[in-house]
Amino acid sequence: MSLIEVTDLRKRYRSTTVVDGVSFTIGEGETYGLLGPNGAGKTTTIAMVVGVLARDGGGVRLAGRAHEVTSLATKAMIGYVPQEIALYPDLTARENLAFFGRLYGLAGRDLRRRVDEVLDVTGLSERSREAVSKYSGGMARRLNIAAGLLNRPRLLVLDEPTAGVDPQSRGAILDAVARLAGEGVAVLYTTHYMEEAERLCDRVGILDGGRMRAEGTHRELVSLVGAGDHVLITVDGAAAGAVPALERTPGVTRVDADEARLELLVAESRAVLPLILDAVTGAGCAVRSLEVREPDLEAVFLKLTGRALRD
Amino acid sequence: MLTIIANDLRRRLRDTTLLLYGVVLPLGLAFLFSTVPAGDDGRAREFAARYAVSDPAGEFAGRVLGSLPSVQVRRAASPAEAAGLVEEGKADAAFVVEPGAETPRVIGDVDKPVAVQVAREIAEAYAAERRAARLALLAASPASPASGDVPGTVPGTVPGTGSGTPAGAAEAAAGIARTPAPVSLAADTAVRRQLDTTTYHAAGMAVFFLFFVAVTTVSGIFEERAGGTLARLLAAPVRPRAVLAAKALGGVLVGLACMGVLVVASTLLMGAGWGPPLAVAVLVAACVLAVSGITAAIAVTARGAEQASNRVSAIAMVLGVVGGAFFPVTGLGFAEFAGWLAPHRWFLLGLSDLAGDQSIGAVAVPALVLLGMAAAGGAVALALGGRAAERVMNA
Ligand SMILES: Nc1ncnc2c1ncn2[C@@H]1O[C@H](COP(=O)(O)OP(=O)(O)OP(=O)(O)O)[C@@H](O)[C@H]1O
Ligand SMILES: [Mg+2]
């Protein structure tokens, strides 16, 4: 059963509709990605899901209960990591966390222990007594995430948590999120980096112009673009000789040869790859290099919207 | 909610802007204003008067005038001599006590309005005491009809004069003789009717800057919205209303703290005399609420921190001037009328009433008016607040 069900969310500002009928569900332990370009409506959607923004239509159910702006019981289950760093710069990391923890009813030893834990998870323990204004951008980002973990949420909502973070910190953040999902936390994750969505998310919704363009697992989405992977092979000598054998290989749907290069379209590269190699060497060509290119969400997005994900 | 208030207070106590608006500027300006020569001798005004008195019986001159501090008394042999002393400028005013007249007549020097006014009050108070004494005598003599009493009975010299039971009358008269307090208290009222300049300026500036302190509360909310922490507060299991209420309450507490510091600091550093602590506290609390209410009502019309602070500043300026925060406003027609809309005016009025009558009842009316302003401001804020809260939620 899904932990959260979002149906037909709508938000309008004056005459423009910025979220237009968005629906999705997320199960426990599942990571759901909202992928979309700037201005797609990701933050607006998330704000309505979390309950910090009144919606104009639609509904949210969390753990079987209606979740509204004023629902305290369901709010207590959500950990929210806003897109902008939402911390008090004049307070230390520890003071920030203690304050936000208290809002969730933590107190005393329990609170201190939890603060220590999230500092540890985000690798900030050593500088926890410094004012946040002295933090680097990446550290502040990590603290921003730590604040969303304090209440041991059942649903963790992260709005572009890796924006402007160096690759190392980004890796650490993604690992931490994956670990939490492994512990059964449902994760709602927005990003406009398709690599993150591919690596982290079990399912992805593609949002553009406030509408959900497509939704599904990576593979499901990719299949929308058409058949599977591209395999690029370079050989010694002329490649054309290998074409007939390759065309007879099951799983290969198209073959193009250009001097020493072969470009194949295959359904499932992992299964077909040995057969392809056999066919090429059987035709008397020595393989110099081979590259498998899986179609990515970028391609999906391009196909769905006619635009690149990032401009 | 307490958590939010505590966090706000902690953050704001570290905030130097607050220190600047809440304490440094008002104290500094009050000090500046009160050291500017204020017409007469420039020093914080201490009342002193020279009175001439013609009182053949000597009871008024001795018992009443003799007990007053800061008053020099010259006895005159006749009403004419007393009037002469005033004319020559040797006395600010003269009392003429005539047998048969209840109230001593006051002859005043037009150039000494305060001393003359005080003299009138003393005379009135004395007359009131005598009326009370006469009633007491009547009450003590059931046999005598009211008409049996003759005006001109002098309580101090009373034994046997009344037509009632001699024992009762004597007892009442003795009681009066033992209690010169009513007049001296009343005279005290008159003497200290006006706030001294130091206190006036300290109080005026305190209220003036209270608006700016209140603005920091408002802009704090807008800043939290822009900074995203407000979204975090709203995402937590806390009612959105409670978040705003906590912010408002925190603002009131900060206002109270600033006023408290100002009262103490101006008393210690500048020698201001605010009055009895409890009554001052009531007045201060009412004033902080009024300013908070007005600020809230203005702030809910704004879309951002800057707009809010511009609007509140403009209104604080106008109210400050007409409300007499910088200088007393009198005889300016419309401005004087408009002054009654300013919390400054009522606060200062409350303080000067308090300077006269040290009881808490003296501040009741100003305090109630201030609370009324608070309620009105709060009501407007709540009425428009739904939309403002929505705007907060929509950011
Ligand atoms: N308060 C508002 N008033 C009017 N328009 C708004 C408001 N907030 C957002 N919008 C508009 O709604 C659209 C969606 O914004 P949103 O912040 O949800 O996009 P996003 O997908 O999160 O973008 P980004 O990747 O830049 O964070 C944008 O066109 C934005 O201009
Ligand atoms: Mg966004």
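The values are calculated or read from the model by the stated rules, or taken from the named source; none is laboratory data. It should be emphasised that the depicted structure is a prediction, and the values quoted were computed from it without experimental measurement. Note: ideal-geometry Cβ built from the backbone for every residue, glycine included; neighbour counts use all protein chains shown. Just so you know, the surface numbers come from the protein's heavy atoms only, side chains and all, with ligands and any DNA or RNA stripped out. Shrake-Rupley method; radii C 1.70, N 1.55, O 1.52, S 1.80 Å.
Couple of notes before you dig in:
- Cα lying deepest toward the dipole's positive end in the protein assembly as shown, options A:Val235, B:Leu195, B:Leu368, charges on Cβ: B:Leu368
- Close amide H pairs (under 5 Å, H built 1.01 Å from N) link A:Leu207 with A:Leu35, A:Gly36, A:Arg213, residues at least 5 positions away or on another chain.
- Probe 1.4 Å - accessible area at A:Tyr104, Å² to nearest ten: 50
- Per-pair calculated FRET efficiency, R0 = 60 Å: A:Glu247 and A:Ser133 via Cβ, rounded to 0.05: 0.40
- The count of lysine pairs in chain A whose Cα atoms are under 27 Å apart, excluding pairs fewer than 8 places apart on the same chain, comes to 5.
- Segment B:Thr17-B:Arg131, extension gain: residue separation times 0.36 nm, minus the distance between their alpha carbons: 35.3 nm
- With DNA, RNA and ligands ignored, accessible area of A:Ile78 (1.4 Å probe; Å², nearest 10): 0
- Placing a label point 7 Å from the Cα of A:Ala63 along the Cα-to-Cβ line, the residues of segment A:1-15 whose backbone N sits under 13 Å from it are A:3-4.
- Net +/- balance of residues flanking A:Leu124 in space, Cβ distance below 10 Å, scoring K and R +1, D and E -1: 0
- Solvent-accessible ranking of A:Tyr193, A:Tyr32, largest area first, probe 1.4 Å: A:Tyr193, A:Tyr32
- Peptide A:61-70 is shielded by partner chain Cβ atoms: per residue, an average of 1 of them sit within 10 Å of its Cβ.
- Set of lysines with alpha-carbon distance to B:Lys90 below 27 Å, sequence-local pairs under 8 removed: B:Lys112
- Highest-MSF residue in chain A out of A:Arg152, A:Arg113, A:Arg211 [GNM, Cα springs under 10 Å]: A:Arg113
- DSSP beta bridges in chain A [antiparallel fraction, %, rounded to 5]: 70
- Highest average first, the peptides B:364-374, A:46-56 ordered by how many other beta carbon atoms sit within 10 Å of their residues are A:46-56, B:364-374.
- For segment B:209-218, Karplus couplings with θ = phi - 60° (6.51, -1.76, 1.60), whole Hz, Gly/Pro x: 7, 4, 4, 6, 5, 4, 4, 5, 5, 4
- Peptide B:233-246 has a mean shielding of 5, counted as Cβ atoms of other protein chains within 10 Å of each residue's Cβ.
- Among A:Val204, B:Ala77, A:Thr281 - extreme Cα towards positive end, dipole of the protein assembly as shown, charges at beta-carbon: B:Ala77
- Accessible-area value, A:Arg102, 1.4 Å probe, nucleic acids and ligands omitted, Å²: 110
- Charge tally in the Cβ shell below 11 Å around B:Gly62, where Lys, Arg are +1 and Asp, Glu are -1, B:Gly62 excluded: 0
- Pairwise label distance in nanometres, B:Leu268 with A:Glu298, each label 7 Å out on the Cα-Cβ vector: 6.8
- Using θ = phi - 60° in the Karplus curve 6.51 cos²θ - 1.76 cosθ + 1.60, the 3J(HN,Hα) couplings for segment A:112-120 round to 4, 5, 5, 4, 4, 4, 6, 5, 5 Hz; x is entered for Gly and Pro.
- Nonlocal amide H pairs with B:Arg74, under 5 Å, H built at 1.01 Å: B:Tyr51, B:Ala52, B:Val53
- The magnitude of the dipole of segment A:2-223, with charges of +1 and -1 set on the Cβ of Lys/Arg and Asp/Glu and taken from the Cα centre, is near 560 debye.
- Only Lys, Arg, Asp and Glu carry charge here, each on its Cβ (+1 for the first two, -1 for the last two); on that basis the protein assembly as shown has a dipole of about 900 debye about its Cα centre.
- Gained length - A:Asp175 relative to A:Arg288, 0.36 nm times residue gap less alpha-carbon distance: 37.1 nm
- Here's how it looks for A:Leu188: its modeled amide H is under 5 Å from those of A:Tyr32, A:Leu156, A:Val157, A:Leu158, which are all 5 or more places away or on a different chain.
- Working note: Karplus 6.51/-1.76/1.60 with θ = phi - 60° gives segment B:287-298 the couplings 5, 4, 5, 4, 4, 4, x, 4, 4, 4, 4, 6 Hz, where Gly and Pro are set to x.
- Distance between segment B:47-97 and segment A:41-90 - C-alpha centres, whole angstrom: 80
- Charge context of A:Thr43, other residues only, Cβ under 12 angstrom, K/R +1, D/E -1: -1
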